[in-house]
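The values are calculated or read from the model by the stated rules, or taken from the named source; none is laboratory data. Remember, it's a predicted structure, so these values are computed and weren't measured experimentally. Methodologically, a virtual Cβ is constructed for each residue, glycine included, from the backbone with ideal geometry; neighbour enumeration extends over all protein chains shown. Keep in mind that these areas ignore ligands, DNA and RNA; they rest on the heavy atoms of the full protein, side chains included. Shrake-Rupley method; radii C 1.70, N 1.55, O 1.52, S 1.80 Å.
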Amino acid sequence: MAGAADERGPGSAAGEQLQQQHVACQVFPERLAQGKPGQGFLSSFFTNNQKCQLMLLKTLETNPYVKLLLDAMKHSGCAVNKERHFSCEDCNGNVSGGFDASTSQIVLCQNNIRNQAHMNRVVTHELVHAFDHCRAHVNWFTDVRHLACSEVRAANLSGDCSLVNEIFRLHFGLKQHHQTCVRDRAILSILAVRNISKEVAQKAVDEVFESCFNDHEPFGRIPHNKTYARYAHRDFQNRDRYYSNI
């Protein structure tokens, strides 16, 4: 993710905030009426909400991808609190989740998340965005290349393109298939949250693909399955111990 100096004019911050609110209202209708998240972690007793919260809790406690990302967020000074930084809500369309940069909160679409494995992938995907938001100045709403870079990283590192998932989608057997899947998933994610043409989304992904596909932080490798993720988490913890002793 580019870390260039901010050259925006004095009025651009307000404009970007309005864009953030517009996108949030379109995709996540419960997001805000006055700039506030719709529901907290334990605020509802509806069946879908309860199910979402229970699956989220299990993901946070047991999933190796998520445990590594939570440690990395804390290490970067952006510790995650489940009540503050996650919200189970109904969403429009087929969206499974999203990262609301205006509130630094992950939205989990309780009406679209099907099962525990799906929850695991959604939380991991959105935590990659949260990690990118923490470590870099990401212009989510004013530079589609920044969004494209984070979407490439999220598709690459979250398990979205694992062999099992691709077989379920009936996509397999192609040369460099993982790269193709990451590219396609990134484009689909951009189109789900931005009113732009497929050609513009493809161009943005193509421009950033090589550098962002090869950015494996905080995993240090592409975690193709849970075993890889556990190894990556172990390596991250050992790296953390090494730096703490310097």
With just the Cα atoms defining each centre, how far is the range 45-83 from the range 196-223? Give it in Å. 25
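Multiply the residue gap between residue 210 and residue 225 by 0.36 nm, knock off their C-alpha separation, and tell me the result in nm, one decimal place.
Working: separation 15, 0.36 × 15 = 5.40 nm, distance 2.20 nm.
Separation in residues times 0.36 nm, less the Cα-Cα distance, equals 3.2 nm.
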Solvent-accessible area per residue for the range 55-230 (1.4 angstrom probe, square angstrom): 45
Long pairs among 82/226; 82/198; 82/203, criterion Cα-Cα beyond 28 Å: 82/198; 82/203
Assuming 0.36 nm per residue, please report the length gained on full extension of the stretch residue 176 to residue 163 beyond their Cα-Cα distance. 3.5 nm
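May I ask you to derive the FRET efficiency for residue 79 and residue 191 from their Cβ-Cβ distance with R0 = 22 Å, giving the value to the nearest 0.05?
Values: r = 32 Å, r/R0 = 1.47.
Efficiency, rounded to the nearest 0.05: 0.10.
According to the square roots a ≥ b ≥ c of the eigenvalues of the Cα gyration tensor, what is the shape class of the range 55-230, taking rounded for a/c under 1.5, prolate for a/b larger than b/c otherwise, and oblate for the remainder? Display every interim value, and only then the final one.
On the way: a/c = 1.27, a/b = 1.14, b/c = 1.11.
Taking the square roots of the gyration eigenvalues as a ≥ b ≥ c, the range 55-230 is rounded.
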Can you send over the carbon and sulfur percentage of the accessible area for the range 55-230, probe radius 1.4 Å, protein chains only? 51
